[in-house]
Amino acid sequence: MIGITHIPSLGLVYQRSVSDLTKTARTFPFLSTFPLENPLFSALESPGMPQPRSVVVYSRKGCHLCEVVKESLSKLSRRGGFTWREIDVDTDAELRRQFNDDVPVVFIDGRKAFKYHMDEQEFLRKLFG
């Protein structure tokens, strides 16, 4: 099913069904240049679009290595494909015991990926590989 969207600035109109789209294409001839396989259409109708990967960095205040890793994650997240959040291990006694001085630790989708240092290229390889 194709969602209903009208984007005047782009001159695009999406209708509910293929038959509606055919009727619309007769009214708006420019739509006939957009085949249904066009990524614009498939992105709108695809319920299985990949979700952004989840990245968690366990860190603590005053940790220089943590700051370096967080700076890299901030930079890389602008490219998209993942969201990240920071958890301060000193806010929870169990986390403090678990990680002790082993910070920063980076997890990708719940799997430990890096400890202490994070190479940006290796991060991207693990994220998208």
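FYI, it's all coordinate maths here, none of it is from the lab. These figures come from a predicted structure and were not determined experimentally. Every residue, glycine among them, receives a Cβ derived from its backbone with ideal geometry; neighbour counts consider all protein chains shown.
Numerical summary
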{"item": "Inter-label distance, nm, simple model (7 Å from Cα along the C-beta direction), Leu95/Arg53", "result": "2.2"}
{"item": "His64-Asp102 FRET efficiency (beta carbon distance; Förster radius 22 Å; 0.05 resolution)", "result": "0.90"}
{"item": "Candidate lysines - alpha carbon under 30 Å from Lys61, same-chain residues fewer than 8 apart omitted", "result": "Lys70, Lys75, Lys112, Lys115, Lys126"}
{"item": "Exposure proxy ranking, count of Cβ atoms within 10 Å, fewest first, for Lys61, Lys115", "result": "Lys61, Lys115"}
